[in-house]
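The next block holds one structure in the form of structure tokens; read it before the comments.
Any read-out appearing in this document is the output of simple, stated calculations on the displayed coordinates, not a laboratory observation. Source: prediction; values computed, not measured. Here the Cβ positions follow ideal geometry from the backbone for every residue, glycine too, while neighbour counts run over all protein chains shown.
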Amino acid sequence: MLDVDGVLISGRPADGQNWTFSLWKDLGIDPRSLVEQFFSDEWMDVVTGKRDILPALSSSLERVPTSVTAEELIAYWFEMDSRIVNAVLSDCRAVRANGISVYLTTNQEHRRAKYLMETLDLQSEVDGIVYSAQAGVQKPHPDFYDYACKATGRDTSELILVDDTKENVEGAIKAGWDAVHWNDDMRLADVLHRSICK
């Protein structure tokens with residue numbers, strides 16, 4: 001059960017910087033204002049599926065303000081937040097070749113989940129995706145882990161979460177999963193080997 005941002009995906013394709021790194025230069029939007037008006041205000045409802053991203057972001061952009069549309073910003077955001085970590089992807093392929101299923105298990109809204117699976121073609125690299133807008137709650141809420149078990153048809157004893165957010169790891173462990181707090185110095189193959197063999 002593989003987290004996306006910070007594990008499999010890491011920032012901008014060109015350099016790995018955060019997707020907002022050149023937001024002011026490229027689109028004339030102050031990242032701090034975007035955080036204040038959208039990510040602090042609207043994001044919780046969007047990422048848990050209670051509100052669609054397009055009207056929520058459109059409303060927020062009116063308060064930034066900017067002439068950039070929500071559709072334009074979404075296209076920029078998704079493209080700039082799509083650097084696949086090749087070492088992690090390579091290990092995913094090896095794990096699946098050995099008969100172990102790999103699911104993306106992530107706090108995402110519907111559009112980006114679709115972008116990840118279809119535009120980045122991660123659907124050909126993993127066995128599925130479980131995400132917060134589907135579940136109606138985010139990691140580390142206990143209901144997210146229950147939903148993931150039901151969605152994948154897996155027992156808690158079969159699951160290993162690899163996630164770069166400590167609270168998500170702790171939530172998974174409380175839910176009966178194995179879990180590993182990821183950092184960039186790790187190799188996924190080593191993490192899984194230790195977890196499976198212990």
For n ≥ 4 DSSP H runs only, could you compute -39500 (n - 2.57) per run for the chain, divide by its residues and tell me the 222 nm figure to the nearest 500?
-11500 deg cm²/dmol
For the peptides 35-44, 163-172, 118-127, what is the packing order when you average, over each peptide's residues, the other Cβ atoms within 10 Å and list the highest mean first?
163-172, 35-44, 118-127
List the residues of region 75-89 whose backbone N lies under 13 Å from a point placed 7 Å from the Cα of A14 along the Cα-to-Cβ direction.
80-81
Could I have the simple spin-label model distance between I100 and F21, label points 7 Å from Cα toward Cβ, reported in nm to one decimal?
3.1
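Divide the volume of the convex hull of the Cα atoms of region 86-197 by its number of residues and quote the answer in cubic angstrom per residue.
Considering the Cα atoms of region 86-197, their hull volume per residue is 99 Å³.
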What FRET efficiency do you get for K166 and R63 if R0 is 30 Å and r is their Cβ-Cβ distance, rounded to the nearest 0.05?
0.40
Once K174 and A87 are pulled to full extension, the length gained, defined as 0.36 nm per residue separation minus their Cα-Cα distance, is 28.4 nm
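Between Rg and the Kirkwood Rh of the chain, both from Cα atoms, what is the Rg to Rh ratio?
Rg/Rh for the chain comes to 0.98.
Quick one: pull the percentage of alpha-carbon pairs in region 23-80 with a separation above 15 Å. Display every interim value, and only then the final one.
Details: 730 of 1653 pairs.
The answer is 44 percent, as a whole percent.
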Taking amide H positions as placed 1.01 Å from N in the peptide plane, with prolines and chain starts having none, which residues 5 or more places from D41, or on another chain, fall under 5 Å of its amide H?
none
Quick one: dipole size for the chain, taken about the Cα centre, charges +1 on Lys/Arg Cβ and -1 on Asp/Glu Cβ, in debye to the nearest 20.
340
Given contacts defined as C-alpha pairs under 8 Å and at least six residues apart, what's the relative contact order of region 18-88, whole-number percent?
32
For region 37-65 and region 84-99, write down the distance between their C-alpha centroids in whole Å.
34
How big is the Kirkwood radius of region 142-198, worked out from every pair of different alpha carbons and given in Å to one decimal?
11.7
